[in-house]
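Notes for the one structure printed next.
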Amino acid sequence: MERKLIGVDLGGTTIKFAILTENGDVQQKWSVETNVLDEGSHIVPDIIDSINHHLDLYKMTKDQFIGIGMGTPGTVNRENGTVIGAFNLNWKETQYVKDAIEDGTGIKFAIDNDANVAGLGERWKGAGENGEDVSFVTLGTGIGGGLIAGGQLLHGLAGAAGEIGHVTVDPEGYLCTCGKRGCLEQYASATGVVHVARDMAEEFSGDSELKRETDDGQDITSKLVFDLAKKGDVLALRVVDRVCSLLGLALGNLANTLNPESIVIGGGVSAAGDFLLERVRNYYEQYAFSTVRSSTQLKLARLGNDAGVIGAASLARVFV
């Protein structure tokens, strides 16, 4: 009987689960709300209860599983299976996740950072096409990254490899939550796009729907900016050009450093699709070294919300 994998994608609002084959094919999916009350003390028990409940529901036993893999926000100690500093989960103290989940389910467990895990998912079953050298950049509320080189996920000495959101693209630019100025995250994340749009709207005096909505105090989103740009709104096009120029700069330098087979762009902002990709590529090609430009491809992610659970499940393959 073929043994299975369980993938868990832990987010600030939702915990996603999947049961997969050893080859990464999703067979069952479900999700529960993330209960961050009481310093996040309910999260791990909820994960254990949900896994055990669904194994009973599907009439499966722990012996049928190779392992459980999980992606989480925060700073992860992979060897100890602990997490600290996941503030959107209300986890201020060290969480002993591995010990608790192994004890509660009887199944071996592996854990890594959520951006790394999403990168593993896209590399394994998505746009990375199982390449040996794949870089993943996720453009969401913030910007994260997962770097795979020689088939191995890069973590760095302190686990901070792949912090693409904190690459400096404008040394005199916006102040970042990390304390530096001009981080990519402040321009090309969903919140960054809105920041750029509001600032550019202040200086713009022409005819623009984006200008009118900003001046009227309407809720501006990155999706709105890209939707208006697609319709030819002059201000929205300028905002998109600014965002794409800085993203192209960062990705060009990433490609110059690692020369991966592909750089895969995912996250909510990437829903703008080819409209985004083509503009980023124009700038990327200006900044990428000629050999790199002709070998490293920019691609859009394919897995959407499944990247996290698929990548998490791939962590559990180490137990084979």
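Worth a mention:
- Test: residue in segment 139-148 that is within 30 Å of Ala313 (Cα to Cα), more than 16 Å from the chain's Cα centre (by Cα) and open to solvent by 10 Å² or more (accessible area, probe 1.4 Å): no
- Complete set of residues in segment 37-58 that are aliphatic (A, V, I, L, M) and surrounded by fewer than 14 Cβ atoms within 10 Å (Cβ to Cβ): Leu37, Leu57
- Test: residue in segment 280-303 that is in contact with a strand residue (DSSP E or B) (Cβ under 6 Å, 6 or more places away or on another chain) and without any contact (Cβ under 8 Å) to a residue 24 or more places away in the chain: no
Residues are listed down the side, and each one gets a yes or a no for (1) modelled with pLDDT of 95 or more; (2) more than 18 Å from the chain's Cα centre (by Cα); (3) open to solvent by 60 Å² or more (accessible area, probe 1.4 Å); (4) over 29 Å from Asp112 (Cα atoms):
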site	(1), (2), (3), (4)
Lys230	yes, yes, yes, yes
Asp233	yes, yes, no, yes
Ala236	yes, yes, no, yes
Val239	yes, yes, no, yes
Leu254	yes, no, no, no
Ala272	yes, no, no, no
Gln286	yes, yes, yes, yes
Thr296	yes, yes, no, no
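- Subset of segment 204-228 that is more than 20 Å from Thr141 (Cα to Cα) and among the small types (Gly, Ala, Ser) - its residue that is surrounded by the most Cβ atoms within 10 Å (Cβ to Cβ): Ser208
- Segment 1-35: number of residues that are within 16 Å of Trp91 (Cβ to Cβ), at pLDDT 95 or above and out of contact with any strand residue (DSSP E or B) (no Cβ under 8 Å at 6 or more places or on another chain): 1
- When we screen Val225, Val240, Val269 for residues that are touching a Gly at 6+ places or on another chain (Cβ under 8 Å) and assigned to a helix (DSSP H, G or I), the only hit is Val269.
- Of the residues making up segment 85-110, those that are among the β-branched types (Val, Ile, Thr) and open to solvent by 10 Å² or more (accessible area, probe 1.4 Å) number 2.
The values are calculated or read from the model by the stated rules, or taken from the named source; none is laboratory data. Not measured: the values here are computed from a predicted model. Neighbour counts run over all protein chains shown; Cβ positions are idealised from the backbone, glycine included. When the accessible area is computed, the model is the full protein with side chains, heavy atoms only, and any ligands, DNA or RNA have been set aside. Shrake-Rupley method; radii C 1.70, N 1.55, O 1.52, S 1.80 Å.
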